[in-house]
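Written below as structure tokens is the structure these notes are about.
What follows is calculated from the coordinates using simple rules that are stated; it is not laboratory data. As the structure is a computational prediction, the values presented were derived from the model and not from experiment. Positions of Cβ are backbone-derived with ideal geometry, glycine not excepted, and every protein chain shown enters the neighbour counts.
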Amino acid sequence: MNAPMLELNGLRKAYRGKPALSGVDLTVRSNEILALLGPTGAGKSSTLLATAGLMETDRGSVHLGGRDVTGAEASSRDVSIVFEGFNLLPVLNVRDNIAFPLRSPRYREAEDEIAKRVGRTAELLRISHLLDRDTGTLSGGEKQRVSIARALVRRPMLYLLDEPLSALDLKLREGLRAELRAIHREHQSTMLYATHDYHGAIAIADRIAIINEGRVLQTGTIEEIYARPAEAFVGRLIGSPSMAFFDAVVKDNAVKVPGWAQSLPLSGFGGVNAKPGPVSLGIWPEDIRMTGDGNPGTIYAVDNRGYESAVQVNTTSGVFRKVLEDKRSFKQGDACHFRVMDGAGFLFDRTTGALLSHQGGAQ
């Protein structure tokens, strides 16, 4: 296991009494890409700004490369940051925008080294043909590539990427993710990548940290998070489609869902910290099978994707969406049936969302 490059301990920040960070604890290992995944307003940008020294926190500490930099100036932290906006200098052309960090007093390089790095970075990001252009003549996608190149041209201890691809179209996003991974592999760099996009997170990251309301809920590989989501919110945020939730009750050593023909033995959930009574049953859509009989539902919507189709099924106790494994054809309004695979599912507190079952999920 790689040693930590970044350690955030108990970061707290409030704006006019409203918490932005509520005790963020996070570790980024050397030579890894960690995706900080959360919805708008979850605290992603504040976490990156605090790491970079661009925002003063109320409490907590920041350690970078084993050094406590909590009170250090931003210029001394040796990080490069890419914001969602372009932040290009309009008085400079593309070449000089990319070279700008290498001409700063602290990180100044010889001009031949600058030319080499700018050329190589532009080649990786496929913008070599733009080097002599004015930034005002570029498209939005081209500007974002230049912005990323300006950050990547240096070799800092840590790259901070704040929603760098969200403004781009799908093809550009996919291409840039691949290029960022290639740069990461070539230079063994360390990246903290903030995003609200689940697909983007799993495409680029070695591990994922789920953040909400200024608090990191869970960190791990996507496989680890799937195997044991720490809270109901985690299940709602990840997956494609995401976890399905049903109102259920624990009764007579079983989990029962009103209106279902199927009863799930409590023993299938491992250790359970739940007294008899209401719970929320979370199930990954991959663990639900459309069948000829079983639990009743109604097809609410059908999404035909050409090579596959997906459905939304409404039931009296919850809704789920899933990609169909076979070529079965459904129409909106059709009655249908489904069953949950043996040993699948997680139990959550219906009020707090806390995980109640010690294990779950079909193997």
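Structural remarks
- Comparing 296, 337, 17 along the charge dipole axis of the chain, the residue lying farthest to the positive side is 17, per the Cβ-charge model.
- Based on the reciprocal of the average 1/r between different C-alpha atoms, the Kirkwood radius for the chain equals 22.8 Å.
- Among 89, 74, 48 - extreme Cα towards positive end, dipole of the stretch 34-110, charges at beta-carbon: 89
- Computed from the C-beta positions of residue 61 and residue 188, the FRET efficiency with R₀ = 22 Å rounds to 0.25.
- Rounded to the nearest 10 degrees, the angle from helix 111-124 to the longest Cα principal axis of the chain is 30 degrees.
- For the chain, size of Cβ-based charge dipole, Lys and Arg +1, Asp and Glu -1, in debye: 300 debye
- Loop-located trypsin sites (Lys or Arg not before Pro) in the stretch 257-363 whose Cβ has at most 10 other Cβ within 10 Å (DSSP): 305, 327, 328, 331
- Sorting 94, 319 from the fewest to the most surrounding beta carbons within 10 angstrom yields 319, 94.
- Put in line by how crowded their Cβ is, counting other Cβ atoms within 10 Å and starting with the fewest, 109, 73 read 73, 109.
- In plain terms, the bigger the Kirkwood radius, the slower the diffusion; for the stretch 186-283, with that radius from Cα pairs, at 10 °C and 1.306 mPa s, Stokes-Einstein puts D at 102 µm²/s.
- Global form of the stretch 33-114, assessed from the alpha-carbon gyration tensor, a/c cut-off 1.5: oblate
- Restraint check, 13/44; 44/143; 44/322, Cα-Cα greater than 19 Å: 44/143; 44/322
- Taking the chain and dividing mean pair separation by its residue count, relative contact order in percent (alpha carbons under 8 Å, at least six apart): 16 percent
- Using a Gaussian network model of the chain in which every pair of alpha carbons under 10 angstrom is joined by a spring, one finds that among 112, 169, 132 the greatest mean-square fluctuation is at 112.
- Partners of residue 331 within straight-line reach, counting aspartates and glutamates whose Cα lies under 15 Å from its Cα and excluding those fewer than 8 residues away in the same chain: 303, 308.
- Distance from the stretch 201-221 to the stretch 238-303 (C-alpha centre basis), Å: 25 Å
- Gain in span if fully extended, residue 323 to residue 129, counting 0.36 nm per residue against the direct Cα distance: 65.7 nm
- Other residues lying with their Cβ under 11 Å from the Cβ of residue 242 contribute a combined charge of +3, Lys and Arg counting +1, Asp and Glu -1.
- Residue order, fewest to most beta carbons within 10 Å, for 56, 7: 56, 7
- Mean shadow area of the stretch 232-348, taken as a quarter of the surface of its Cα convex hull (nm²): 7.1 nm²
- By the helix-only formula, in which each DSSP H run with n ≥ 4 contributes -39500 (n - 2.57) and the sum is divided by residues, the chain has a 222 nm mean residue ellipticity of -6500 deg cm²/dmol.
- With a Förster radius of 30 Å applied to the beta-carbon distance between residue 72 and residue 354, the computed FRET efficiency rounds to 0.20.
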